[in-house]
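What follows is calculated from the coordinates using simple rules that are stated; it is not laboratory data. Treat the numbers as computed from the prediction; the structure is a model and nothing was measured. Cβ atoms come from the backbone with ideal geometry, glycine included; neighbour counts cover every protein chain shown.
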Amino acid sequence: MIRLLALAGLLAISACARQAPAPPPAAATATPESQTAAPPQSSAPPATPAASAQSETEQATASQESGGAETETHARSDASLEKIAGMPPGAQLPSGKWQPGVNYDPVVPAQPTNVAPGKVEVIEVFWLACPHCYDLEPFIRAWLKAKAAYIEFVRVPVMWQPIHRAHARLYYTLEALGQPGLFQKAFDTIHQLLQRGQPPLFGNTEDETFRMQQSFAVQNGVSADDFAKAYNSFTVNSQLQRAEELTQRYHVQGVPFIAVNGKYTTDVVKAGGEARLIELINDLAAAEHGH
């Protein structure tokens, strides 16, 4: 059974579980008609690796096709999206560097943020077992050391299927214990287990998952009792509920997924790579700070 679970985990990881059933989101992301619309989520089964790979390929192809549209039509589309997003002319992004609807999408209506006045919220929706999130992490860590002081960075674990929720609970439990340094350790451990074909801190039952995750924490200096108390605490459950709401509100269909100040969303594919994604985040955040 464990081997079957590990295999299922590996298949899910390879796809980064890009599709997940979810109720209709409160927010819609404005996209040009040239981009492929997302399939309905209410009855869709979890993505298989082949279907996910095809979806990812189609997404990249759609981005390339939209970038090759006629200049006049694209200019009108860009202007319309900028107007919808409410970005004043003086705060728009560098001309010709980024294209709305191609590199990033305005969110309509804009979503509420949870930062102080003068701050710009940048959310990364991620999954501890996602290889694309793991590849992006070194870029995020370097960026955190150099980012503008007005940027508030928030990690939000995606809440799709039981394995995602289990890893989200581990993430928030480590936070509640005041052990943010164990985030990278958990990231590394899960991917090392996957490489060995072992269950990625996720078992056949909730109790088995708890024991695996508790054992990981104890091996890294956390008291077993402290971990158990935090695991089902009000704080952790409240954070999980908020993560669930954000996953649905932004209609997250793939991770890593970036939301800037509740107004723009993007990802590695749209930006054109990890390094370009960091540049785009900085430019979007700077434009928001300039309002």
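For the reader, a short list of remarks on this structure follows.
- For trypsin sites (Lys or Arg not before Pro), the sites in region 93-155 that DSSP calls loop and that have at most 11 other Cβ atoms within 10 Å are Lys97.
- Dimensions in Å of region 155-201 - Rg and Dmax from alpha carbons: 10.9, 30
- Ranked by how many other beta carbons lie within 10 Å on average, peptides 234-242, 207-215 from highest: 207-215, 234-242
- Net dipole in debye of region 127-186 [+1 Lys, Arg Cβ; -1 Asp, Glu Cβ; about Cα centre; nearest 20]: 60 debye
- Highest average first, the peptides 134-140, 258-264 ordered by how many other beta carbon atoms sit within 10 Å of their residues are 258-264, 134-140.
- Expected-Rg normalisation [2.2 N^0.38 Å, Cα atoms] applied to region 229-291: 1.40
- Computed over region 149-231, the ratio Rg/Rh where both radii use C-alpha atoms and Rh is Kirkwood: 0.98
- Mean projected area of the Cα convex hull of region 145-291, taken over all directions, amounts to 10.1 nm².
- In percent, rounded to a whole number, the relative contact order of region 167-291 is 19, using alpha-carbon pairs under 8 Å and six or more apart.
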